[in-house]
1. So A49 fits all but one of (1) closer than 13 Å to L110 by Cα; (2) modelled with pLDDT of 90 or more; what number is the exception?
2. Based on this model, can you work out whether F40 counts as modelled with pLDDT of 90 or more and either charged (D, E, K, R) or surrounded by 11 or more Cβ atoms within 10 Å (Cβ to Cβ) (or both)?
3. Considering only residues that are surrounded by fewer than 17 Cβ atoms within 10 Å (Cβ to Cβ) and of a type in the set (G, A, S), which ones fall in segment 79-102?
4. Within segment 74-92, identify whether any single residue is assigned to a helix (DSSP H, G or I), of a type outside the set (G, A, S) and modelled with pLDDT under 95, and answer yes or no.
5. Please go through (1) touching a Leu at 6+ places or on another chain (Cβ under 8 Å); (2) at pLDDT below 85 for R8 and return the number of the only condition it doesn't satisfy.
Amino acid sequence: MRNRYAARLSVALLLALGIGCGSDREYYQADDAEALEEAFGAIAGEALACRFELESEPADPDDLEVNFDGEPVERDPDRENGWDYDEEEHAIEFFGDACDALGSGQVSDLAITQPCGVVIE
């Protein structure tokens, strides 16, 4: 009964994503729980963005502090490796190894703070 439910759920997910018989769209084959977990991990990694819109504009973007798992990430105005602030979009964008670390799931805690210690994101 559990396998029949899982099969129905899989078919429903595929149809919701527009993936049906004869479709040329890519999909993740998950024949067991381990494969399903790996597929979800891969999907989550692809879905994680390297750009985070802030809820409010910081008082001074130069004072923002960014940490991955408690370790500081350096601001890089050249946008090659690290992060930078997009004033027009009120967003922080990550580049290079910093973006790769987010996308691969290596980062479990992202903190963006102002000097007063108020967490923005």
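The values are calculated or read from the model by the stated rules, or taken from the named source; none is laboratory data. Everything numeric in this text was worked out from a predicted model, so none of it was measured. Counting neighbours? That spans all protein chains shown, and the Cβs are built from the backbone with ideal geometry, glycine included.
1. So the condition that A49 fails would be (2).
2. Values: modelled with pLDDT of 90 or more: no; either charged (D, E, K, R) or surrounded by 11 or more Cβ atoms within 10 Å (Cβ to Cβ) (or both): yes.
Criteria not met by F40.
3. A91, G96
4. Here is the first cut: in segment 74-92, the ones assigned to a helix (DSSP H, G or I) are none.
There is no residue in segment 74-92 that is assigned to a helix (DSSP H, G or I), of a type outside the set (G, A, S) and modelled with pLDDT under 95.
5. Condition (1) is where R8 drops out.
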